[in-house]
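This report refers to the structure that appears directly beneath it.
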Amino acid sequence: MPVIPLPVQLSALPEGSYRLTDASRVRFEEAALEGVAAYLGELLSVPTSPDEGDIVLTLEGDEPEGYALRASENGIRIGGGSPAGVFYGVQTLRQLVQENRTVEAVEIADAPRYAYRGAMLDVARHFFGVDDVKRYLDDIALLKLNHLHLHLTDDQGWRLQIDAWPELTGIGASTRVGGGGGGFYTKDDYREIVAYAASSFVTIVPEIDMPGHTNAALASYAELNTDGIAPEPYEGIEVGFSSLDSNKPLTYDFVRDVLTELADLTPGPYLHIGGDESLATTDADFLLFVRRAAEIAASLGKTVIGWHEMGRSRELPPGTIGHYWNFSDPREGNGEHALSFVEQGGQLIISPGDRAYLDMKYDESTELGLVWADGPTPVPDSYEWDPALIVPGVGEEHILGVEAPLWTETVTTIDEIEFMAFPRLACVAELGWSPRTDAPRHFEEIAQRLARLGGLWDALGVQYYRAPEVEWGGT
Ligand code: ACM
């Protein structure tokens, strides 16, 4: 039966199919499930009730994100270890409902491989408003992803209101790649995103990228610059030319103010502080900056995440998470930098650029996207890899999860986001959720299920790429 991510156990039952009718009702057995019931009721156009109904949602089992689903002609029952588990059962059910509003008899037991299953959206190179982010949240919830990492700042734009440093959004938010104006989230916008994400059991992971990738901040405040002169705002796509000054006391006032306001807005456990491609920072300055910035982030009660280059530091706060983004065959010491987080007691998020980067072109003819990460990345490449086999010395127990980042140098609309993300994000979502396989994965194992998911994407208006490796239905 076609479900993505593939459930742990799934068996067809020798019973009749369930049929959605005007008499169907969603019943929630615990008040804590009222929101999930309302969500399902709206998706299926079925009323909800705490008292009666043949689609039953309940809390049972002890895996918080796990669930059991049973469907037959008599009804449907989804029992989850928490409201999140029930929500994931609901996502499975959405994929099981056929066009004629029936669900074949089935029994499913399911739980995720990794605690962290993420997507990342770069809202700095191009800005995407609250409605676009909500749409992407809807898209990723279908795949049981539970983290959305927002890359909030970069050379080309600063996208979050910070009261103590108003020119970050006065000047720093005014630009984007290619020109034409920028944008930013007010604190209320950001809270709205966080709350909407929470309703889909998604944690927002905010990133302030430092000490490189900071031209927007440096352009906003001359005094942050070593020479006291603000650079011009930047609308190109080069990397590695900007740096905060590790030796200025003001730099750490800035970092503390920004991270304090961000932590106040962030109920989730993580603050991502970047650290990638700081090519304009000397080694000594990079190590000094990382030690002090990570210490500030940790002092705010948050778990620090940094791109793998931060592993150059051996003075990371306990439990700091490394975010690996080099290739699936690590080059130039990047594997060692990632391993350093594990050696310091942390875990890793795995996002190999040649597998999980959604901004890579699909093939040479794809108009959007880039190719620098051994690209293009055809859809099968996003499926045929194992997160536990990427970084030498880093095994399953050291991995917090996987994430598929979408950098937006060439991406300007939500339709383009969806086109670059899907179907590859569905492949990465399966690697993050479904059990590890002994044998290497083959794309044929997911191709037919992608075709089936394409039908649901069509119904939802998702602008996915009709990859030639999949026999899509419809027109
Ligand atoms: C990155 O792609 N520079 C994290």
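Bear in mind that the values in this text are calculations on the coordinates, not laboratory data. Everything numeric in this text was worked out from a predicted model, so none of it was measured. Here the Cβ positions follow ideal geometry from the backbone for every residue, glycine too, while neighbour counts run over all protein chains shown.
Here the spin labels are modelled as points 7 Å beyond Cα on the Cα-Cβ line, and at Thr186 and Glu63 they lie 4.4 nm apart.
Pairs of Cα atoms under 8 Å, at least six residues apart: use those to get the relative contact order of the range 116-460, whole percent. Relative contact order here is 16 percent. Shape class for the range 234-360, computed from the alpha carbon gyration tensor (a ≥ b ≥ c): rounded, with a/c under 1.5.
Compute the helix-to-body angle for 83-96: its Cα long axis versus the longest principal axis of the chain, expressed 0 to 90° and rounded to tens. Tilt relative to the chain: about 60 degrees. For Tyr185, nonlocal amide neighbours, meaning residues 5 or more places apart or on other chains whose placed amide H falls under 5 Å from its own, are Leu160, Gln161. Apply the Karplus parameterisation 6.51 cos²θ - 1.76 cosθ + 1.60, with θ equal to phi minus 60°, to every residue of the range 59-64 and state each ³J(HN,Hα) to the nearest whole Hz, in sequence, with x for glycine and proline. With the stated coefficients, the range 59-64 comes to 9, 7, x, 10, 8, x Hz.
Relative to the current alpha-carbon distance between Asp363 and Glu444, full extension at 0.36 nm per residue lengthens the span by 27.3 nm. Expressed in units of 2.2 N^0.38 Å, where N is the residue count, the Cα radius of gyration of the range 1-46 is 1.44. Separation of the alpha carbons by more than 28 angstrom is noted, of Lys134/Lys361; Lys134/Lys248; Lys302/Lys361, for Lys134/Lys248; Lys302/Lys361.
Here the chain is assigned +1 on the Cβ of each Lys and Arg and -1 on the Cβ of each Asp and Glu. Its dipole about the Cα centre then comes out at about 640 debye. The Kirkwood hydrodynamic radius of the range 276-434, based on inverse pair distances between different Cα atoms, is 16.3 Å. With semi-axes defined as the square roots of five times the eigenvalues of the C-alpha gyration tensor, the equivalent ellipsoid of the chain measures 40, 23, 21 Å, largest first. Dividing the mean sequence gap of close Cα pairs (under 8 Å, 6+ apart) by how many residues the range 396-475 holds gives a relative contact order of 35 percent.
Under Stokes-Einstein, with the Kirkwood radius over Cα pairs as Rh, the value for the range 1-85 at 10 °C and 1.306 mPa s is 119 µm²/s.
Net length available on complete extension from Asp458 to Glu52 is 142.9 nm, with 0.36 nm assigned per residue and the Cα-Cα distance removed.
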